[in-house]
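Trainee: The structure that follows is given in the form of structure tokens.
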Amino acid sequence: GGGGGGSGRAERVVEVLSTLDERGRPMRALQGPAPVIERDDIRSGSKRGKRQGHVEKMDADGKRAGYFVGDAAARDMSIAELAKREAEVRSGDMDRDFARNMMKMGRKYKANGASRAGFDEDDAGETEATVRMYEAADARMTAARTQEREKQRAVSLQRKVSNIHGRCAFCMDAEGFKKHLIISLGEHSMVMLPPYPTTVPGLCLIVPRQHTVSLTDADEDTYDEVNKFKSSLDAMFTKQGRGCVFLETSMEHSRLRHTCVECVPMDSEEAMDAPLYFRKALQEAEEWTTNKNVIDTAGKGLRRCVPQGFPYLHVSWRGGGFVHPIEDESTFPRSFGIDVAKGVIGLPPDRFGRGSARRSFEDERRDVLNFLRDFEPFDWTVELDGGEYLPP
């Protein structure tokens, strides 16, 4: 023994991994009992955990039996089971898998004339190697190997999410979160003044308390609370003889940005003209699109108009709204919505950032108190336990 007081042993760090991915979908390999070890799991090198074998493409009657490894199992599934598997497994992209496999093969790749759009059952030139070019890399992995990869992915994802949440301007447990900007705090969402400089007078934000990339991904309680805050803010501005529009820009989901709804106040006449401004701007934003440029959400709501996981710009006002599905995120500016709103109220767009100097804590606190005086009569959160206002 030495004179040191420590044991000299390295401490084990145990992390509880989530069984859901960054979009809240279950990772099937991390759920349920441990998988059975197969013969391919004891292979060495890069072949470990990869099933060897050939896909039976024709059955005994000469009919098409399948293209990929999972086709045989899929034939025995019901429609409900297939739908459940599609919802649980990250949806694939055959063209993306083809490109990835082609790049992996490099100079070994030699096209044989098979169609990129799909295969015909009578295509004599089709080979199993060609079909496998459209197969995802993990399609032939054993259950044990798949679980191992999912664990590695879960660890990497957890670190990424933890890092993003720690730096998020809208997460209340983040170190840099500005609590003094909160106007009203609900159980699932909140109203706050923007934590970034802005040139729009009276601009405020409705923010889900849970870190989510869009309201289409948020739970029902959050979605309902956000709409209640919209009604309260609209009533406040109506009392002042003004109007407002609400903007949510949900894009770049891989970056896991915390979504928010921007509330832009404007004169009543400007608020009446705003829908026309936005409709025209959105119709010109992405001229060559597969989907409709503008989808009316009146009477239907956002969730019934845009699929979950799809990027969009949602513009709404009292009694109406529309959503623009963003097909090409590389050409659609994130500031598009606020720039159009600034055009409506006669302000120049923010070409280079938010366009205003940073404000001191005292200035921000004064703005919060001024906003609170106007919002208090319309704040529905006072009905919650502990929701009463306290003197400043």
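Trainee: Hey, can you grab everything whose amide H is under 5 Å from the amide H of Met141? Only 5+ residues off in sequence or another chain; H modelled, so Pro and N-termini drop out.
Mentor: When sequence neighbours closer than 5 places are left aside, the close amide H contacts are Arg51.
Trainee: So what are the ³J(HN,Hα) numbers for region 158-167, from phi and the Karplus equation (6.51, -1.76, 1.60; θ = phi - 60°), rounded to whole Hz, Gly and Pro as x?
Mentor: The phi angles translate into 5, 5, 5, 5, 4, 5, 5, 5, x, 10 Hz.
Trainee: About its Cα centre, how strong a charge dipole does region 213-290 have in debye, to the nearest 20, once Lys and Arg get +1 and Asp and Glu get -1 at the Cβ?
Mentor: About 220 debye.
Trainee: Under 18 Å from a point 7 Å along the Cα-to-Cβ line of Gln210: which residues of region 304-320 have their amide N that close?
Mentor: Flagged as within label range: 304, 308-310.
Trainee: Cβ neighbours within 10 Å, averaged per peptide: list 38-45, 252-259 in order, most packed at the top.
Mentor: 252-259, 38-45
Trainee: Averaged per residue, what accessible area in Å² does region 213-320 show with a 1.4 Å probe, protein chains only?
Mentor: Dividing the accessible area of region 213-320 by its residue count gives 48 Å².
Trainee: On alpha carbon coordinates alone, what is the Rg over Rh value for region 213-298, Rh being the Kirkwood radius?
Mentor: So for region 213-298, dividing Rg by the Kirkwood Rh gives 1.00.
Trainee: Cα-Cα pairs above 20 Å in region 155-249: how many percent?
Mentor: 42
The values are calculated or read from the model by the stated rules, or taken from the named source; none is laboratory data. These figures come from a predicted structure and were not determined experimentally. Note that we place each Cβ from the backbone using ideal geometry, even for glycine, and neighbour counts take in every protein chain shown. Accessible surface is based on the protein model in full, side chains and every heavy atom, while ligands, DNA and RNA are left aside. Shrake-Rupley method; radii C 1.70, N 1.55, O 1.52, S 1.80 Å.
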